[in-house]
Amino acid sequence: MVKKAARNVGKYKWTKKSQRYKKTHHDPAVRTVRTRSQSASSGSFFHRVPAEVFGMILDKLSVLDISVLSMVSKDITRNVVDYISTLAWKNKTIIQRFHQPSCLEQRSTIEHYRSLGLLFKRCTLLLPTKDRLKFILGRFSQIPCFMLEHCLTPDCIGFSSCGVFLQTLIAGWDELECHRVFNFLCELTNLLQKIGAVITAKPGAKWHQELQLRLFCRQVLLDPQPNQLEHQFWLVQLLKPLPMVSQAHLLFILYGPLRPEGEGLPHSALWDLAKAILELFGQVEVKGWNTDSMLAVLEELTGTLFIPQPWHVENIARLLVLCGSNLCYTVLASKALSGRLTEISRLIVYIVLVCEKDGYHMGWAVKLVQQISKVFSTVPEKLCFIQQLENMFSEVTREFFEFSVAGEVVQLSGE
């Protein structure tokens, strides 16, 4: 009986020991495993750091480093947003020195605004687009050099800095978000109203407003875009609300030569305008504009409606040459079908002159004439076109000779 009792006691003790072992083995695991939401609710290390200390830490970091730090957690994002919302940070970091003579200083300021674009992009990732824009652009709209007609200082880099900031901020955004950005900017700057005031005024009457509009749209919305598709998107947003005549006028304000009067404008003065035309009408089916709308815009551009003094024919011819074979042929063929033989003959003569001056192969002009001649359906019409072209060559040659003689007479009388 004693042995059995002892055996039973030993068995009892072993069972209690195993239970204690199981408890000590499993309890720590239960206490240490927590879900992500439980960890977040208990607060991170930075959540327990006083705001003043966190601000001192951020004071030691660059704008780019703060932008990276803001993506670590929601708590840090919230702290960073609070930090960059202070007046002290704004006065220290949002540089407003845009009238710097040195190229090195200008590049430094522009790169600084690129970093600011990244910071505001990253620390507002979780906000809806409208709230992001209100939070970000509302702060920068108070900078005079970022706003239309607020700074008239020559060589101000305010618009360029704003453009780099905006492009960095919206890089990767989808088309719907970019539409919201455009609408927000229009409300903030009254852009569409100012465009309307300029394009309805007499050409040249509001030259300073035209220049401000050109600089703002080019340096803030258009030129900073990294590729043709994005550049195209913003240009279409500017033109789309306007009728065809006004579209042509705005295109000329944005990309035409600053001083369009005079004969023989250089290649460089017309190249930006030609590129914009090609960008809009090179793939008509993508934009929703047809050939008729393209011809209407080009007709207005090559007319005299938007220019204080009539454009010399050589400038129109050079613009058509820069637009390439397809657009050049389309414009001239349309004029031919309308019976405007004198006009297209004079244009062709000056196209030949431009080819000679600018070093284009003369075979291109010959092929262009051959293509236009095929527009006419009958032999008499083709002969009439060729005869008109021959007469125009003779007339323009005589004009050059008379002009040369008159110039020599003036020079001799001056001596």
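Taken as a whole, the condition of being surrounded by 18 or more Cβ atoms within 10 Å (Cβ to Cβ), out of contact with any strand residue (DSSP E or B) (no Cβ under 6 Å at 6 or more places or on another chain) and outside any helix (DSSP H, G or I) applies to Pro224.
The set of residues in segment 201-221 being open to solvent by 60 Å² or more (accessible area, probe 1.4 Å) and either among the charged types (D, E, K, R) or without any contact (Cβ under 8 Å) to a residue 12 or more places away in the chain (or both) consists of Lys202, Ala205, Lys206, Trp207.
For segment 52-61, the count of residues that are assigned to a loop (DSSP other than H, G, I, E, B) and among the basic types (Lys, Arg) is nonzero.
A single entry from Leu119, Leu104 fulfils the requirement of being open to solvent by less than 30 Å² (accessible area, probe 1.4 Å) and in a helix (DSSP H, G or I): Leu119. Please go through segment 101-127 and pick out each residue that is of a type in the set (Lys, Arg) and touching a residue at least 24 places away in the same chain (Cβ under 8 Å). The answer is Arg114, Lys121, Arg122.
Mind checking whether some residue in segment 390-401 is at pLDDT below 90 and within 45 Å of the chain's Cα centre (by Cα)? Checked against the condition, which is being at pLDDT below 90 and within 45 Å of the chain's Cα centre (by Cα), segment 390-401 yields at least one hit.
In the set (1) part of a loop (DSSP other than H, G, I, E, B); (2) farther than 29 Å from Asp272 by Cβ, Glu399 fails one condition alone, (1). A search for C-beta distances below 7 Å between a residue of segment 236-248 that is assigned by the TED database to the domain that holds Leu191 and any residue that is among the aromatic types (Phe, Trp, Tyr), counting only pairs 6+ apart in sequence or on different chains, returns Gln237/Phe182. Selection of segment 132-186 for residues being of a type in the set (Phe, Trp, Tyr) and either crowded, with 20+ Cβ neighbours inside 10 Å or not in a loop (DSSP other than H, G, I, E, B) (or both) yields Phe135, Phe140, Phe146, Phe159, Phe165, Phe182, Phe184. The number of residues in segment 249-264 being touching a Lys or Arg at 6+ places or on another chain (Cβ under 9 Å) and modelled with pLDDT under 75 comes to 1.
Quick one: which of Phe98, Phe135, Phe140 is touching a residue at least 60 places away in the same chain (Cβ under 8 Å) and either aromatic (Phe, Trp, Tyr) or touching a Cys at 6+ places or on another chain (Cβ under 8 Å) (or both)? From the options Phe98, Phe135, Phe140, the qualifying one is Phe98. Here Pro243 meets the list (1) modelled with pLDDT of 90 or more; (2) open to solvent by 70 Å² or more (accessible area, probe 1.4 Å); (3) more than 21 Å from Val181 (Cβ to Cβ) almost entirely, failing just condition (1). The set of residues in segment 107-116 that are open to solvent by less than 60 Å² (accessible area, probe 1.4 Å) and polar (S, T, N, Q) comprises Thr109, Ser115. When Leu126 is tested against (1) out of contact with any Cys (no Cβ under 9 Å at 6 or more places or on another chain); (2) open to solvent by less than 30 Å² (accessible area, probe 1.4 Å); (3) farther than 19 Å from Asn183 by Cβ; (4) not in a helix (DSSP H, G or I), only condition (2) is not met.
The values are calculated or read from the model by the stated rules, or taken from the named source; none is laboratory data. All values derive from a computational prediction rather than experimental measurement. Counting neighbours? That spans all protein chains shown, and the Cβs are built from the backbone with ideal geometry, glycine included. Only protein heavy atoms, including side chains, enter the accessible area calculation; ligands, DNA and RNA are left aside. Shrake-Rupley method; radii C 1.70, N 1.55, O 1.52, S 1.80 Å.
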